[in-house]
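Quick notes on the structure that follows.
The values are calculated or read from the model by the stated rules, or taken from the named source; none is laboratory data. All of these numbers come straight from a predicted model, not from anything done at the bench. Note that each Cβ is placed from the backbone with ideal geometry, even for glycine, and that neighbours are counted across all protein chains shown. The protein model used for the area step is the full one, side chains on, heavy atoms only, and it has no ligands, DNA or RNA in it. Shrake-Rupley method; radii C 1.70, N 1.55, O 1.52, S 1.80 Å.
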Amino acid sequence: DLINNCGNGDIIIASYGLLQHAGMLLKDKDWGTIILDEAQAIKNSKTKRAKMALQLKSDCRICLTGTPIENHLHELWSIFQFLNPGFLGNHTQFMKKFIKPIELLQDNQSTAVLKQLINPFVLRRHKTEVLKDLPKKTEQIISIELSDEEMAFYENLRESAVNHINTLDAQETVKGGQRRIHI
C-alpha cells in the first residue's frame, strides 16, 4: 500500500532485498529520482537485483559507491548501465573495446579513453579529503565472561573443529587447498 499510494514529495527508502522481492511494484511507478547507495550491489548485471534495478523508471539516477570496481571492469559497466543505459555500449561492445584491451593487454590508451568517458560522471573524493568530515574513532572493549556451561560448549565446538581440520585428506590439502578453506 505504501508503494502504491506514494506520490509527489514522498520518499521511499528500500533495501536491495526489497528491490528483489517487491520490484514489480517499484518498477511500475515513475520515480523523480532514484539513488542507489552502495551501488556496487548491482555490479553483477546478471543478478535479479541488477536486472530489477534496470527496470526502474526515473528522470534522474544517482549511484553512490566507494568501490565502483572491486574485481573487474564489468562491474563498472553494470553500474553505468543503470545510470545511463547504453552510454558504454552493450556488454559485448564494452568487452571488446575496454575489458579485453585493459584487463588482458594492459592497454594504456584504452584505459585513458575509458577514464575520459566516465570522468564527467564520477565525483571521487580521496581519503585525505574526507578524513576531516569523519567523526573521531570510538573504541569500546567490553569483556564478557562465559558461564561454565557456555565455556564447555565453546570448548567442545572448538575441539570438534580442530579434529575435523586434522582429519582432512592430505591429498585434498595439497591438491585443492581444501584445508585452508576449512580453516
### Task
Have a look at H164, H126, H21 and tell me which one the Gaussian network model of the chain (Cα, springs below 10 Å) gives the largest fluctuation.
H164
### Query
So for the chain, Kirkwood radius off the Cα pairs, Stokes-Einstein at 4 °C and 1.567 mPa s: how many µm² s⁻¹?
61 µm²/s
### Task
Loop only per DSSP, at most 15 neighbouring Cβ atoms within 10 Å: give me the chymotrypsin sites (Phe, Trp or Tyr not before Pro) in segment 46-125, ordered by residue number.
F87
### Summary
The long-range amide H neighbours of W31, using H built 1.01 Å from N in the peptide plane and a cut-off of under 5 Å, are K57, S58, D59
### Message
Just to make sure I understand: if all protein chains stay in place, what is the order of M24, M95 by accessible area at 1.4 Å, largest first?
### Response
M24, M95
### Query
How many percent of the accessible area of segment 75-114 is carbon or sulfur, using a 1.4 Å probe?
57 percent
### Message
For a 24 Å ceiling on Cα separation, which of these pairs sit above it: K100/K127; K51/K96; K97/K127?
### Response
K100/K127; K97/K127
## Note on the structure
With every protein chain kept in place and a 1.4 Å probe, the chain has an accessible area per residue in Å² of 78 Å²
### Summary
Checking segment 32-119 for GluC sites (Glu not before Pro) in a loop per DSSP with at most 13 other beta-carbon atoms within 10 Å yields E38, E70
### Helical contribution to [θ] at 222 nm, DSSP H n ≥ 4, -39,500 (n - 2.57), averaged over the chain, rounded to 500
-12500 deg cm²/dmol
### Message
Ordering Y154, Y16 by accessible area with a probe of 1.4 Å, largest first, what comes out?
### Response
Y154, Y16
### Task
Would you list which aspartates and glutamates come within 16 Å of K43, measuring only between C-alpha atoms, while excluding same-chain residues fewer than 8 positions from it?
E70, E75
